Ligand SMILES: C[S@@+](CC[C@H](N)C(=O)[O-])C[C@H]1O[C@@H](n2cnc3c(N)ncnc32)[C@H](O)[C@@H]1O
């Protein structure tokens, strides 16, 4: 099918399609030359493209070196102009990051330069970390292009090797930008109001389309750029320029608020502590995967949890630069005693359930004040966030199936539980 499409494009294109090699940071075309540009840039050090290419390059060079002598003039693929963030013994992560961001910015500026006025550019982006997004947003804001739309499209294979065990995305965001006049300055307080209005509509749409977890955040971020990308810069009233990091902090707050309400089907969201909200959002966004510390920190921050104060003391574990959230089976029953934090109570109850200690479950729920709708709805919501294969989900589902007896027995003993069963 792909071959057929390519053949058609080549046959019908006027003037004929042609391919050539150049660096995106320095394109050999005059200003205002193209109607449209489509690009799929690399993301930091996600994939070592040039090194991977060497494997094929050495064979292609033997087969096609005579046909394309210029393309195969070097012994291995050229590496010096690659837009990538490789660290080396001499180059720290900070230097590598700056190099990548500088080159990305330069390539977006090149797009703006060679596009015709009102020309369209589509940039594909699918980085799961917000750091990747900050880079692309800052580079776009600096390029002069105006973002007019963004769409999530399912592009990644679920069974992909790298998707297993990691918090991978199923979708990529297609960012649509135009070479057109931007509004000079957006004031942060007004942009925030605009963002709130815009996102509330967009989030309803994304939710309705069944986009969930980390993909939901990324699609929301993509959509938020439509708002602040209209301005040359966004400033607060004290004259500080607001860069992507702060804009995204605000977007994340709006999105987490929306997501918690939706996951819990409204109603009880207000009764959850920040820590229990964080647990729910973590499971919803990343399932049982571990994530980079900075990602988890930002998620925590959006619900008012300071991750550094809770790791290794609660269900949050830090291992090198990664954060991992413990499930019930990874917790120690004795350590959970005495806590009335909802997650802890849930984990304690699940461990007791596993041991068949129903009487103790009722005691714990009543003693901690969690013999309530909120508790069971919370348990249900967590179960819905997890994949079928998860051990935590199986435990939760077993418990939720058996809850009727616990509730009716508990209710018989006089509880404040209302009509969760119906
Ligand atoms: C995300 S991949 C694009 C993959 C492509 N859409 C595909 O399906 O094969 C990013 C690509 O950008 C290329 N790249 C890196 N630095 C570049 C530069 N300076 N100029 C042009 N391309 C570059 C990488 O080699 C890599 O192939």
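All told, residue 341 falls short of being surrounded by fewer than 16 Cβ atoms within 10 Å (Cβ to Cβ) and more than 15 Å from residue 396 (Cβ to Cβ). Within segment 34-65, the set of residues being within 15 Å of the ligand (Cβ to nearest atom), part of a helix (DSSP H, G or I) and surrounded by 13 or more Cβ atoms within 10 Å (Cβ to Cβ) comprises 49, 50, 51, 53, 54, 57, 60.
Rundown of residues vs (1) farther than 16 Å from residue 378 by Cα; (2) in a helix (DSSP H, G or I); (3) in contact with a helix residue (DSSP H, G or I) (Cβ under 8 Å, 6 or more places away or on another chain); (4) touching a residue at least 24 places away in the same chain (Cβ under 8 Å), yes/no style:
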residue: 324; (1), (2), (3), (4): yes, no, no, yes
residue: 335; (1), (2), (3), (4): yes, yes, no, no
residue: 338; (1), (2), (3), (4): yes, no, no, no
residue: 343; (1), (2), (3), (4): no, yes, yes, yes
residue: 348; (1), (2), (3), (4): no, yes, yes, no
residue: 353; (1), (2), (3), (4): yes, yes, yes, yes
residue: 359; (1), (2), (3), (4): yes, yes, no, no
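Within the set 317, 313, 394, 309, the sole residue that is surrounded by fewer than 16 Cβ atoms within 10 Å (Cβ to Cβ) and in a strand (DSSP E or B) turns out to be 317. Tell me, which residue of segment 24-33 that is under 27 Å from residue 75 (Cα atoms) and in contact with a helix residue (DSSP H, G or I) (Cβ under 8 Å, 6 or more places away or on another chain) is surrounded by the fewest Cβ atoms within 10 Å (Cβ to Cβ)? Restricting to residues being under 27 Å from residue 75 (Cα atoms) and in contact with a helix residue (DSSP H, G or I) (Cβ under 8 Å, 6 or more places away or on another chain), the top hit is 26. Residues that are within 16 Å of the ligand (Cβ to nearest atom) and within 21 Å of residue 104 (Cβ to Cβ) within segment 10-33 comprise 21, 22, 23, 24, 25, 26, 27, 28, 29, listed in sequence order. Checked against (1) within 16 Å of the ligand (Cβ to nearest atom); (2) modelled with pLDDT under 85; (3) in a strand (DSSP E or B), residue 151 passes all but a single condition, namely (1). If only residues of segment 66-92 that are surrounded by fewer than 10 Cβ atoms within 10 Å (Cβ to Cβ) and within 27 Å of residue 104 (Cβ to Cβ) are counted, the one that is farthest from the ligand (Cβ to nearest atom) is 89.
The values are calculated or read from the model by the stated rules, or taken from the named source; none is laboratory data. All values reported here derive from a predicted model rather than from experimental measurement. So basically every Cβ, Gly included, is an ideal-geometry build from the backbone, and we count neighbours across all protein chains shown.
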